[in-house]
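Accompanying notes for the structure given below.
Any read-out appearing in this document is the output of simple, stated calculations on the displayed coordinates, not a laboratory observation. These numbers were taken from a predicted model, which means no experiment stands behind them. Note that we place each Cβ from the backbone using ideal geometry, even for glycine, and neighbour counts take in every protein chain shown.
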Amino acid sequence: MSKDHKEWILQAEYDMETADIMFNTGRYFYAVFMCHLSIEKALKGIFLLKLGEIPPKTHNLIYLLNKINIKPNEYIRGIITKLNETNIVTRYPDDLKSLQKDYNRDVVANIMKRSKEVFEWIKVLQ
């Protein structure tokens, strides 16, 4: 784990670009997974910056927000909460066909748009 918050943000940007690539190749639920990973890394960068500690090994975005003591507005918090809920489903799918149906192009395009809004919000916290 990097001890430089800028490295976390750099990796978060890379992961968001990877989400775009996954989306453009039709790997929609992987795009959602990469959006989650991007926001997770961005929050861990802020965690390191604000608290001066190596971030915990967790995938829980809400936990990270609470530990950093960041209070986003209702809109941003709603996106983060929804993205947090996708973590287990996209990380360990029970049924591939069902997941592909649930995370179709339109649904994922919306998730990606909102994830990018959250990412921009996080970058302002630096």
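For the chain, the longest principal axis of the C-alpha atoms and the axis of helix 105-124 are separated by about 10°.
Short-range pairs are left out: with C-alpha atoms under 8 Å and at least six residues apart, the relative contact order of segment 44-101 is 26 percent. Normalised by the number of residues in segment 3-126, the mean separation of alpha-carbon contacts (under 8 Å, six or more apart) gives a relative contact order of 33 percent.
Full extension of the chain segment joining residue 98 with residue 63 gains 9.8 nm, where the gain is 0.36 nm per residue of separation less the Cα-Cα distance.
Between the helical axis of 74-91 and the longest alpha-carbon principal axis of the chain there is an angle of about 60 degrees. As I understand it, the dipole of the chain uses +1 on the Cβ of Lys and Arg and -1 on the Cβ of Asp and Glu, about the Cα centre. Which of 23, 8, 89 lies farthest toward its positive end? My answer, from the dipole projection, is 8.
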